[in-house]
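J.: Please find one structure pasted underneath; my questions will follow.
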Amino acid sequence: MAVALALLGAFVLVEASQLKMTSLGGGPGPGVFPVALGVMLLGIGARLAPAALRERTEFGHLRRVAVLIGALAAYAALLDRLGFVITTSATIVFLLVAFNPRRRPWLAALGLAGSVGSYALFSSFLKVQLPPDPWFLWP
Amino acid sequence: MDPVAGLGLGFQLALTPTNLLFALVGCLVGTAIGVLPGIGPVSGVAILLPVIFASRVDPTSGMIMLAAVYYGSQYGGSTTSILINTPGESSSVMTCLDGYAMAKKGRAGPALAMAAIASFVAGTLAVLGLMLLAPPLTEFALGFGPHENAALMVLGLTTLTRLAGKSVLKALLMAAFGLLLGTVGIDSMSGTPRFTFGSGALLNGFDFAVVAIGLFAFAELLSNAEESLDRPVIRTKLRDLWPTAADWLAVRWTLLRATVIGFLIGTLPGAGATVASFMAYAIEKRVSKHPELFGTGVIEGVAAPEAANNSATGGAMVPLLTLGLPSSATAAILLGAINIFGYRPGPLLAIEHPDFFWGVVASMYIGNVMLLILNLPLVGVWASILRIPYGILLPFIVLFTLIGTYAINNDIFDIWVMVAFGVLGWIMRKFDYPAAPVVLALVLGPQLETNFRRALTISQGDYTSFLVHPIAATLLVLAVLSLVWPILVRLVRGRPTEVPIAVEEA
């Protein structure tokens, strides 16, 4: 983590050096603040790096984490094409079934009802703009 | 406007049926957020904000609801601490000690009731403090120019950094990262695009609400999914809710002490409700005639942290509403909300928009009464939420997270950003990097940079000009001291000091 941020700091320094350092009024330009931040990231990151390389952490159910991230990535990729109701229902039903070993048909129905219900609540009642479905099945 | 006239105006607004409804919904949602272990006040406010904005709600009503969610969540956090020994929020960690011990003795009812009453007393007194402290602070801050504003934000960031995590360097690194995120997009002063890499989606920069939902809500969901989905089930039965006469006698000074401690700590940037509850508990134990009984189920052990965390929320409103300086991640989101509603946070807020300012303050009195009325009879309902298996709750929290993220800009790119920050936030938790400084720095960063550059433009690039302005210089000295103070103490005393540590301050 610290190593990554130190590298980010170095990258920021390179990128920010292309920005102007002074403005017309004699004050600092758009590059000053990023350069200062790059120095901070690089300095503190490098200071923490030796300890960070020795840090170890324990991981639990990584499969469930991967399932959750994967489901949301698929959600973001398909939302535009399939619209809110279909993509959301599919994602929520999938997660409910994946995370609960029992009573799956009942949970699938609950997920479907929850997704459609929340669309009705947020889009129709609260007027929150959500992506429409491509076939306009939902008014 | 003097406080009495202001409060009169505020009550006129807050008592309209619409605003009462918004306060009520905010209190209910806030309590639910507090009760649910998978979602905290930062995530709750960040998810609700875009929904409120998209529904084109009046700014005062919207802010009334968001503030109600904020203090409502402090009420709700205690329920899980007492019933299942799992704090709903980090600020309810201390309540577990005596609250759960009381529940095991069959006194869950009085513990829950005392938590609600302590929160009510402290919440109400804190609003009184806010009302009295806000006008003079506003007056003082009116003379602030870009030098003072920049210095004030630096102080806000350094004190948060000091208290946000176990390691100051890690917190500083996170603050720098947050400030860097704030520079992405078109520079407001020169119009130059920075770090956009030719991407049109990045021209507007990272939205703080998207980043906050990722770093707090989605990261929390990932952590929960990684750990066990099985949660302890409540076994306690709720009988006699009302505390006994002996209970009342025991807490009469506790409530007052904890309220004052909580309020003062709440006004400090970075300290917030968690540190307040730790301090109040520690002080209560120290002044108690029977300190050895703390942890075995004494009522003061519930009253002190619950009073302190609620009055800290009121205290946090002081710098937020008068100086535009958030003292915690949740307050940073509220600051962003004030911006989104089209108002300028800072000392002019109360003068330019007295209806907004006093409406929110007055609604906090009403909200505290609502929470007391709601929570005593509804304790059973909240407890029943805890009986729902987490494997079923999690996908629905994901659903609200997705709706909240999309509603911010109606842009699917934001969902990618949210997921990316969620993964980052999860890794940060694994290696003890605090998320609060990132959000606070992202919200304050652009204003800090603008004020900093304006100040230097006025003084024609002379960096020493910060030292010539006495208030700015004092604030900067305090900022430096807040960072190096423990090192100085260690040098003088020759041994390390213990600093109260906030787990993940909301």
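J.: It is to be established whether one or more residues within the range B:137-150 are within 27 Å of B:Val369 (Cβ to Cβ), touching a residue at least 40 places away in the same chain (Cβ under 8 Å) and in contact with a helix residue (DSSP H, G or I) (Cβ under 8 Å, 6 or more places away or on another chain).
T.: Yes: one or more hits.
J.: Any residue at all in the range B:37-44 that is farther than 25 Å from B:Leu399 by Cβ and either among the acidic types (Asp, Glu) or at pLDDT 85 or above (or both)?
T.: no
J.: Identify the residue in the range B:187-203 that is open to solvent by 50 Å² or more (accessible area, probe 1.4 Å) and touching a residue at least 60 places away in the same chain (Cβ under 8 Å) and, among all such residues, is nearest to the other protein chains (Cβ to nearest Cβ).
T.: B:Met189
J.: Considering only residues that are farther than 20 Å from B:Leu181 by Cβ and either open to solvent by 20 Å² or more (accessible area, probe 1.4 Å) or among the aromatic types (Phe, Trp, Tyr) (or both), look in the range A:26-48 and name the one that is farthest from the other protein chains (Cβ to nearest Cβ).
T.: Filtering the range A:26-48 for residues that are farther than 20 Å from B:Leu181 by Cβ and either open to solvent by 20 Å² or more (accessible area, probe 1.4 Å) or among the aromatic types (Phe, Trp, Tyr) (or both), the one farthest from the other protein chains (Cβ to nearest Cβ) comes out as A:Ala46.
J.: Tell me which of these B:Val484 doesn't satisfy, since it passes every other one: (1) under 26 Å from A:Met21 (Cα atoms); (2) within 30 Å of the chain's Cα centre (by Cα); (3) at pLDDT below 90.
T.: B:Val484 satisfies every listed condition except (1).
J.: Of everything in the range A:63-82, what is facing chain B (nearest Cβ under 7 Å) and open to solvent by 20 Å² or more (accessible area, probe 1.4 Å)? Give them in sequence order.
T.: Passing the criteria: A:Arg64, A:Ile69, A:Ala73, A:Asp80.
J.: Go through the range B:292-311 and report how many residues are under 27 Å from the mean Cα position of the chain (by Cα), part of a helix (DSSP H, G or I) and of a type in the set (A, V, I, L, M, F, W, C).
T.: 5
J.: Given the criterion more than 15 Å from B:Phe413 (Cα to Cα), open to solvent by less than 10 Å² (accessible area, probe 1.4 Å) and facing another protein chain (nearest Cβ under 9 Å), identify the matching residue among B:Leu172, B:Leu215, B:Leu222.
T.: B:Leu222
J.: Determine which member of the set A:Pro132, A:Pro105 is open to solvent by 60 Å² or more (accessible area, probe 1.4 Å), more than 9 Å from every other protein chain (Cβ to nearest Cβ) and not in a helix (DSSP H, G or I).
T.: It is A:Pro132.
J.: Here's another thing I want to ask about it. Check B:Thr330, B:Thr274, B:Thr254 and return the single one that is hydroxyl-bearing (Ser, Thr, Tyr), closer than 27 Å to B:Thr80 by Cβ and modelled with pLDDT of 90 or more.
T.: Unique residue meeting the criteria: B:Thr254.
J.: Testing A:Thr57 on (1) within 29 Å of B:Gly461 (Cα to Cα); (2) at pLDDT below 85; (3) of a type outside the set (Phe, Trp, Tyr), one condition comes back false. Which one is that?
T.: Result: A:Thr57 passes all but (1).
J.: Just one of B:Ser288, B:Ser363 is within 30 Å of B:Ala54 (Cβ to Cβ) and either among the hydroxyl-bearing types (Ser, Thr, Tyr) or under 14 Å from the mean Cα position of the chain (by Cα) (or both); which is it?
T.: B:Ser363
J.: Then there's this: Take the residues in the range B:393-433 that are outside any helix (DSSP H, G or I) and open to solvent by 50 Å² or more (accessible area, probe 1.4 Å), then tell me which one is nearest to the other protein chains (Cβ to nearest Cβ).
T.: The extreme case among them is B:Asn410.
J.: In this structure, is B:Ile64 within 14 Å of chain A (Cβ to nearest Cβ) and closer than 30 Å to B:Gln12 by Cα?
T.: It is false that B:Ile64 is within 14 Å of chain A (Cβ to nearest Cβ) and closer than 30 Å to B:Gln12 by Cα.
J.: Whether any residue in the range A:2-17 is free of Cβ contacts under 8 Å to residues at least 24 places away in the same chain, more than 30 Å from A:Tyr119 (Cβ to Cβ) and facing chain B (nearest Cβ under 7 Å) is what I want to check.
T.: yes
The values are calculated or read from the model by the stated rules, or taken from the named source; none is laboratory data. Just so it is clear, the structure is predicted and the values come from calculations on it, not from any experiment. Because the Cβ atoms are built from the backbone with ideal geometry, glycine has one as well, and the counts that use them run over all protein chains shown. What goes into the accessible areas is simple: the full protein's heavy atoms, side chains included, and nothing from ligands, DNA or RNA. Shrake-Rupley method; radii C 1.70, N 1.55, O 1.52, S 1.80 Å.
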